[in-house]
Each structure stands twice: as structure tokens, then as C-alpha cells.
1. I'd like the full set of residues that are open to solvent by 60 Å² or more (accessible area, probe 1.4 Å) and not in a loop (DSSP other than H, G, I, E, B), limited to region 195-226.
2. Given (1) in a helix (DSSP H, G or I); (2) open to solvent by 10 Å² or more (accessible area, probe 1.4 Å); (3) touching a residue at least 12 places away in the same chain (Cβ under 8 Å), identify the lone condition not met by residue 246.
3. So which of 463, 425 ends up being under 30 Å from residue 351 (Cα atoms) and modelled with pLDDT of 85 or more?
4. Scan region 249-275 for residues that are of a type outside the set (A, V, I, L, M, F, W, C) and open to solvent by 20 Å² or more (accessible area, probe 1.4 Å) and jot them down.
5. Is it true that residue 369 is under 18 Å from the mean Cα position of the chain (by Cα) and touching a residue at least 12 places away in the same chain (Cβ under 8 Å)?
6. Just to be sure before I move on: is residue 400 surrounded by fewer than 21 Cβ atoms within 10 Å (Cβ to Cβ) and hydrophobic (A, V, I, L, M, F, W, C) in the structure I sent?
7. In region 147-177, how many residues are surrounded by 18 or more Cβ atoms within 10 Å (Cβ to Cβ) and outside any helix (DSSP H, G or I)?
8. Would you check which residues across region 398-412 are under 20 Å from residue 386 (Cα atoms) and either free of Cβ contacts under 8 Å to residues at least 12 places away in the same chain or touching a helix residue (DSSP H, G or I) at 6+ places or on another chain (Cβ under 6 Å) (or both) and list them?
Amino acid sequence: MPLVGYRRRRRWRFGPKSTPERIQRTRNNIVDQAQAGGLPPVGQEWARCPPRVDRRTPAKVERLCPQEAGNAGPAEALIGNPLYTELVYAMADIETCTVAPDSPKETFPMNKPRATTFNYAIGMFGTSIPINMLKTFAFTFYVLDRGVTTTQWAMMMLIYTFIDAIDNPVYGFLSDRTRSRWGRRRPWLAIGTPLLILCFVAFYNLPAFLAGNAIFAYCMLFYILTGTLDSVINANYAALFPELFPNDTIRAKTNAMRQAFQLLAMIISIALTPMVTDMLGYGLTAILYGLLGGAVILYMTFTCRERDPEPEEAKPELWKALKDLVTNGKFWIAGFANAFYSAAMSLVLASVAFYVEYALRLSSGQSTFLLAAVLLIAIGCVAIWAILVRKFTLMPVWRAALATLAITFIPLYFANSLITAVICSALVGFGFAGVITTMDLIGARIMDEDTQKHHLRREGIISNALGFMNRLNGLFTSAAYLLVFRLYGFESGDNPGTHPDAAARFLMTIVPPVLMVISFAFSWFINFKEPVETRVESKTP
């Protein structure tokens, strides 16, 4: 009497759509049929079996799981029972998708297929291409080449930061409360991606008839629109991370792949962009990057399936969520640490062309070699930092990465040629790899603790709020640009002042290590308990 819906010797297949609930329903269905056929219940003991064991025969299962045989009955009678034989094959197939709860490799209920890891990780490639070009070359495009002043730029960054403070929690709240046949995150990703690409392309395709303050107004409008749409995309993308990947081990592996894709995107959208724009211009380059990034984001969106919320799962309330977030000390500490780190890297990436042209006295196109050194070394070192996380745990490795990055900025101050600058940039790449490997894991831990404490899934609100804290770097970078104007008289490419070389070194090699020291100091005020299984509350008690 075979089990209904199961064919012997055919493996049960659980792909990206196989939620924990689906696996549990399948398990319960098999046990119910076994009970109906006259066998005692056997389902619960299987989770105690050793992980990754190929339990293909009844005799082997009895030998490995004596407590199972003891609960089920005499061994001779069971092995001769065809229903028990079918049950063993079915449960063995299901258990290849699960491991023991105390296994260091993965936690119940299922291992993530490699396809899910790849499909999610490659999404970082798509999200990184447009925003990296926006953040890195917007200053060059409008200040150095279009006559926008550093004072106007600083004011724009300040306005953008406050707008981000308002809209980020709202986007996260709406995402967490979304209930649709497509899930919570997918509608936002599918709708937001085309809008992001349109605004990004418009930013770098400045109408020829604009002049003077009209150029500044156009720049501010599309910079803010592109930035806020990027917040929508990245917050929903980040909210999937702790849900799809439940512990630090699998998160470190997935995040290493994700950051490798991000660094590959940075090579294209940052290191190669000076050469590409020399050949195609900024307008056509933005179109090509926008189409490439948008296509990858949509691919990730429609191939990664989040956990479907239960019908009775409670929806988060905005004011309670904001109150809980405001009173969460770990959120603020991690947010400020991330903000100072982001400000340091934003200044470095935005100032490379400035540094090469005025400090090294080379053509700005040579900045490609410095950026390539940072990113290629970072790609190679991401796996090393992921191994360190698995060996030494997250927190000490995160702090070590922050300290390493702070130190590696200093040699750039003494570089006086392209060769020495490339060597120093490679050192920055090593520290950069460590921070990007660990920073997202800190955010995921904060989301885990929030779910454990409040029994609500609020990844969208938290990831958006962390995104806002990350964008606080605009306050620090705008202050740095103002200091460059006040201290060195650098206003724009048309009026570089009397000491543009000192201004370039100030932005590239003095401000970033100071910001990283502050970030490192914040990291000592936060720690986490060991993660535990999370649950969410229902609408009704």
C-alpha cells in the first residue's frame, strides 16, 4: 500500500518554493497515512537523527536511529511491512532536506539550494551598478564638468539626507504590511526597478538647453529621485537576506558570493567607467548600465521566493515599530558605525579622479587603475574574510575589518606616483573586503533579535532604517566638501583654488581614516547573544 502522492525511489524535490511550512505539511501527511495504516506515529524522532546520512533502507534507518525503532515496534515486523518500507523511503528523502537542530552546517527546516543562493547573490550585482555610478561620478559630472559649486553640492546632500530620513521608515513599513500573491517584497522590486532606471538615466542625460541654477535644480531633483528609489530596492532586497538564510554560517557564505558580485559591479560601474565614458559619454553609459542593472534585479526578483506569511500572521504597526526601533540601542550603534564607514568609502570613491588629477598630476582616466586595484583585491579577499567569520565568529572579525580599513588609508597620503598609489590602493581593497563581508551580517543579527523579541517580521522597516543610517554619510561627506572649500579654497573644476593637491589628499587620505576610527569605536558598544529559533505572533491570541 504505497503512500499517497509518493513514488518509491523518486526523491522528494524541495526547491526555492519549498517553505518550511510545506516540508512540515508533507511530513505530517506521511505520518497521518502511516497511522491510518496501523503503524504508530514516527515523525518527531527523525529530527534527532545524525545529519547528511543516506537513510535508504529500513534496516539502516533502524541501526542509525534506535529510538525510532523503539517507538515504532519490533524490528522484524516493521521491516516486513510494505507501508513502513514506503514510509522509510519517503521520510529519508525529506530528511535529506533537513539536518539536526544542533548541526553547525544549517538549521531546521531546510538547506538552501545552490540556485537560491546564486539567484539572490547576483541581485547585488544589479542593485550596485546604477547607484555606484551615481554616487561615484555625480560629483565629477556636475561639479567638475558642469559648474555646480561645492557649496551647492553640500546643500543638496544635506537636503537629500533629511528626505531619506522621512521616506525610509515609510517604505519599510509598507513593505512589511504588503500581502499579495507575489509576496511582500516582490511587488516593490518589480515596480521600483523600472522607475529607478528611468531616473538614473535622466540624471546623466542633462538637457542641453539648461544653464546656471537650472542645472543645479535638475541635478538635485533626479539625484533625490534616484536615491529614494534605490532605497526602496535595496531595503526590500536586504529584507530577504535574514529570511532566506537563517544562520551566520550560511549567511557568511551567501554574503561572500553577494559581495563578490557587488565588487564585480563596482569594477564595471566605477573602475571601468572613466574609460567607457571617454568612448561613449555619460549619457549612453548610464543607459547601458541602467538596462544591465535593471535586468539582473528583475531576474533576482522572479527567481527568489520569500517565505509566505501565514494568513493569521499579524501585521506590524508603524508607531509601535518606530518606537521599538528608536529604543533599540544596537540599531543606533550599528547604524552609526555603518554610516561613518560608508562616508569614508564614499569620499574615497568619489575623490579618486580628483586625487589622481591634482595630487598625482596624472590624467583623471588613470583613476581606473587605482579603482581596479581596490576592487580586484577585494574580490579575492572576500572569501578569506568569510572563512575568518566561520572560524572566529562575527563580532571580532567585524572589528578587525574596521581597524584594518582605517590603517590602510594612511599609506595613500605618501603615494607620489601611479605605481605606489596602485600598491596602496590594493591594501585598501583588503580592508574593504572585510567590512563588506561582515557589515550585512550585523544588520541581519539586529533583524533576528527584533523578531525574537517582538514575534513580528519587520525586516523591511529595519533594513530601510539601516539604509537611512547608512545614508547619514551624506552629512559627513557634505561637511568634508565644505571643509575643502573653507581650508583650501577649492570651489569647482573651473575654480580649483591655490592648493588643489592638498585638497585632494585631504579628501582621500585624511578624512577617511578619521571616519573609520570613529566607526571602529562604535563597534565596541555592541554585542549579540547566540541566535535562537524565531517565531511570529498571530493576529489573535
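The values are calculated or read from the model by the stated rules, or taken from the named source; none is laboratory data. Nothing here was measured: the structure is a model prediction, and the numbers come from that model. FYI the Cβ positions are ideal-geometry reconstructions off the backbone, even for glycines, and counts take in every protein chain you see. Calculation scope for accessible area: heavy atoms of the full protein, side chains included, ligands and nucleic acids excluded. Shrake-Rupley method; radii C 1.70, N 1.55, O 1.52, S 1.80 Å.
1. If the condition is that a residue be open to solvent by 60 Å² or more (accessible area, probe 1.4 Å) and not in a loop (DSSP other than H, G, I, E, B), then 195, 198, 213, 221, 225 are the ones that fit.
2. Among (1) in a helix (DSSP H, G or I); (2) open to solvent by 10 Å² or more (accessible area, probe 1.4 Å); (3) touching a residue at least 12 places away in the same chain (Cβ under 8 Å), the lone unmet condition for residue 246 is (1).
3. Values: 463 fails: modelled with pLDDT of 85 or more.
Of 463, 425, the one residue that is under 30 Å from residue 351 (Cα atoms) and modelled with pLDDT of 85 or more is 425.
4. Pass one, region 249-275, residues of a type outside the set (A, V, I, L, M, F, W, C): 249, 251, 253-255, 258-259, 262, 269, 273-274.
Listed by number, the residues that qualify are 249, 253, 262.
5. Working: under 18 Å from the mean Cα position of the chain (by Cα): no; touching a residue at least 12 places away in the same chain (Cβ under 8 Å): yes.
The answer is no for residue 369.
6. On the way: surrounded by fewer than 21 Cβ atoms within 10 Å (Cβ to Cβ): yes; hydrophobic (A, V, I, L, M, F, W, C): yes.
The answer is yes for residue 400.
7. 1
8. Of all residues in region 398-412, those under 20 Å from residue 386 (Cα atoms) come to 398-406, 408.
Result: 398, 399, 401, 402, 403, 404, 405, 406, 408.
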